[in-house]
Amino acid sequence: MSLIGWALVMFVAPMAISSPEYIISQYREWYESLSDKNMENLFSEKQNVSLLGMVRKISQCATYSDIWIILSGLITIGLPYLRIRQYAHKAFRYTLLASVLLFVVLFSTGSESSTYIIAFIGVAIWYVAAPWKRSKLDIALMVFAFILTSMSPSDLFPKYLRVHYVFPYALKALPCVIIWFKLIYEMCTKEYNDPNSIHTPTL
């Protein structure tokens, strides 16, 4: 309720120094501008470097709405919030932050290569915040992310792969997508106060 309340306050407050008609027209123009920009980003090689873009560019389908993927992502990122008892553990709260940092990049058509500084902070927090020893799979995912997400835009990465696969299909996002889903799985199944736990979730 507080979120809705503050949203209403922030919507109405500018009307104190301007007319309601002007403020509403500005929101309308903002929405139209974002919609146009979103359409431009759909198949852009330098934009939509995200989970949304990866699905769009691999499928080459322009007819479906991204809202269905975004809603699925919102449901997925919301699942760990049901584990209220885990809130007491700092590691769990850090991992919640990591999931949000990844989400805002992976589920935005405006994501570009430089945006991954945000996502990679999330990846780093995910790796170091866990109160258990990371597995070989986790190490492999970090190496995979370093190579494909961090290095693919550079000349240290094979040009042929970069030009023909990574850029056209937004594959820079792939390691972060896998890590995000693994992060969500861990948050739903592990006890963040027990280094050796992978048992039944505690709600």
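With all pairs of different alpha carbon atoms counted, what Kirkwood hydrodynamic radius in Å does segment 97-203 show?
After inverting the pairwise mean of 1/r, the radius is 14.7 Å.
In nm, give the distance between the simple-model label positions of Trp68 and Arg134, each being 7 Å from the Cα along the Cα-to-Cβ direction.
Placing both labels 7 Å beyond Cα along the Cβ direction yields 3.6 nm.
Please report the carbon-and-sulfur percent of the accessible area for the chain; probe 1.4 Å, protein heavy atoms only, DNA, RNA and ligands left out.
Numbers: 8390 of 12000 Å².
Carbon and sulfur atoms account for 70 percent of the accessible area of the chain.
Arrange the peptides 121-131, 140-150, 59-69, 81-91 so that the one whose residues have, on average, the most other Cβ atoms within 10 Å appears first.
121-131, 140-150, 81-91, 59-69
Using 0.36 nm per residue, how much length does the chain from Ser59 to Tyr94 gain when fully extended, once their Cα-Cα distance is taken away?
9.2 nm
Can you compute the FRET efficiency between Ser2 and Tyr27 using 1/(1 + (r/R0)^6), with r the Cβ-Cβ distance and R0 = 25 Å? Round to the nearest 0.05.
0.70
Can you give the FRET efficiency for Phe146 and Tyr185, using 1/(1 + (r/R0)^6), R0 = 22 Å, r = Cβ-Cβ distance, to the nearest 0.05?
Efficiency computed from Cβ-Cβ geometry: 0.55.
Report the convex hull volume per residue for segment 78-120, counting only C-alpha atoms, in Å³. Could you put the intermediate results ahead of the total?
Values: hull volume 2.3 nm³, N = 43.
Output value, Cα hull per residue: 53 Å³.
Calculate log10 I(q)/I(0) of segment 111-174 for q = 0.21, 0.30 Å⁻¹, where I(q) comes from the Debye formula with a single equal point scatterer on each Cα and nothing for solvent.
-0.87, -1.32
If R₀ is 35 angstrom, what is the calculated FRET efficiency for the pair Ser154 and Tyr81, using the beta carbon separation as r and rounding to 0.05? Please list the in-between numbers first.
Details: r = 37 Å, r/R0 = 1.05.
Efficiency for this residue pair is about 0.40.
If you average the sequence gap of Cα pairs under 8 Å that are 6 or more apart and divide by the length of segment 1-142, what percent do you get for the contact order?
Numbers: 100 pairs, mean separation 35.5, N = 142.
Relative contact order comes out at 25 percent.
Excluding ligands, DNA and RNA, what is the solvent-accessible area per residue of the chain at a probe of 1.4 Å, expressed in Å²?
Spelled out: the 1.4 Å probe surface of the chain, per residue, equals 59 Å².
Give the total of Lys-Lys pairs in the chain with Cα-Cα distances below 18 Å; include a pair only if its members are 8 or more places apart or on different chains.
The number of close lysine pairs in the chain is 15.
Please label the shape of the chain as rounded, prolate or oblate, based on the square roots a ≥ b ≥ c of the eigenvalues of the alpha-carbon gyration tensor (a/c under 1.5 means rounded; beyond that, a/b larger than b/c means prolate, else oblate).
Since a/c reaches 1.5 but b/c is at least a/b, the shape of the chain is classed as oblate.
Per-residue counts of other Cβ atoms within 10 Å, averaged by peptide: what ranking do you get for 5-13, 166-174, highest first? Mind showing how you got there, number by number?
Details: 5-13: 10.1, 166-174: 21.3.
Ranking the peptides 5-13, 166-174 by packing returns 166-174, 5-13.
For segment 32-136, with equal point scatterers placed on the C-alpha atoms only and solvent neglected, what are the log10 I(q)/I(0) values from the Debye formula at q = 0.18, 0.23 1/Å, to two decimals?
Each listed q corresponds, in turn, to -0.92, -1.21.
Can you tell which of Met187, Met151, Met15 shows the greatest fluctuation in a Gaussian network model of the chain with Cα springs below 10 Å?
Met15
The values are calculated or read from the model by the stated rules, or taken from the named source; none is laboratory data. The model shown is predicted, which means the values in this text are computed figures rather than measured ones. FYI the Cβ positions are ideal-geometry reconstructions off the backbone, even for glycines, and counts take in every protein chain you see. Quick note on the areas: whole protein, heavy atoms, side chains included, nothing else; ligands and nucleic acids left out. Shrake-Rupley method; radii C 1.70, N 1.55, O 1.52, S 1.80 Å.
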